[in-house]
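**Student:** First the structure, which I've put down as structure tokens, then a few questions once you've had a look.
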Amino acid sequence: MTENDVSKRNVLAIVTNYGVEQDELMVPVEHLRGWGAQVDIAATSTDGIETLVGDKNPGKTVRPDLTLADADPARYDLLLVPGGTLNADTLRLQGPTTDIVRAFTESGRPVAAICHGPWALVEAGVLEGKRLTSYASLRTDIGNAGGDWTDEPVVVDDSNGWKLITSRKPGDLEPFVREIDEALAVQQ
């Protein structure tokens, strides 16, 4: 990548303060920051974010940059929604979460969600007609929300005026991050 690509972009990652899957947050965040992108992590509160590994083992504690309530979606080029069962289940119940997701989808900006992260999109009601993947246990929820679930490492859907990038689990991070890079690339 050149400096004209990801380095000119702003990314918003949304999480709760407990239970986000460590690698699903940190691998994309560290990768994008490594290219010079501005990545802000918004959490429920300004307390440290206690990540988990494998949904059960303690991971790193990460400082959020701002709260969900203080995040201005208009400032960002891409929304990142990591999983972790506890994180995703709590995140989808936060009022600002659905507002943020809808702000991105209504304005045509890309959303990247992995594992249980698509629960936020189910809750926001934005999956009608979208093809996507996730952790397998979300299949019925996604179908009930009008999405077309498939079991693939990464799925990109450009329909309905916005790009959706989804993956199933931490083992799919390589193709997930590759598609995020592609979505953020500045056209010359």
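The values are calculated or read from the model by the stated rules, or taken from the named source; none is laboratory data. Since we're looking at a predicted model, the values are computed, not measured. Cβ placement follows ideal geometry from the backbone for every residue including glycine, while neighbour counts extend to all protein chains displayed.
**Student:** So D70 clears everything in (1) in contact (Cβ under 8 Å) with a residue 40 or more places away in the chain; (2) surrounded by fewer than 19 Cβ atoms within 10 Å (Cβ to Cβ); (3) farther than 23 Å from K163 by Cβ except one condition, right? Which one?
**Tutor:** Single failed check for D70: (1).
**Student:** What number of residues within the stretch 1-32 are modelled with pLDDT of 95 or more and in a helix (DSSP H, G or I)?
**Tutor:** The qualifying residues number 11.
**Student:** Check E50 against each of (1) charged (D, E, K, R); (2) surrounded by 16 or more Cβ atoms within 10 Å (Cβ to Cβ); (3) under 15 Å from the mean Cα position of the chain (by Cα) and name the one condition it does not meet.
**Tutor:** The number of the failed condition is (3).
**Student:** Quick one: count up the residues across the stretch 119-157 that are of a type in the set (D, E), closer than 20 Å to E106 by Cα and more than 16 Å from the chain's Cα centre (by Cα).
**Tutor:** Number of matching residues: 2.
**Student:** Between a first residue in the stretch 1-19 that is more than 13 Å from Q94 (Cβ to Cβ) and a second residue that is surrounded by fewer than 23 Cβ atoms within 10 Å (Cβ to Cβ) and modelled with pLDDT under 85, which pairs have beta carbons less than 6 Å apart while being 6 or more apart in sequence or on different chains?
**Tutor:** Between residues of the stretch 1-19 that are more than 13 Å from Q94 (Cβ to Cβ) and residues that are surrounded by fewer than 23 Cβ atoms within 10 Å (Cβ to Cβ) and modelled with pLDDT under 85, the close pairs are N4/V186; D5/V186; K8/V186.
**Student:** If I go through the stretch 76-86 residue by residue, how many of them are part of a helix (DSSP H, G or I) and either of a type in the set (F, W, Y) or closer than 17 Å to D40 by Cα (or both)?
**Tutor:** Of the residues in the stretch 76-86, 0 are part of a helix (DSSP H, G or I) and either of a type in the set (F, W, Y) or closer than 17 Å to D40 by Cα (or both).
**Student:** Among the residues of the stretch 24-43, which ones are more than 18 Å from V101 (Cβ to Cβ) and aliphatic (A, V, I, L, M)?
**Tutor:** Within the stretch 24-43, M26, V27, V29, L32, A37 meet the criteria.
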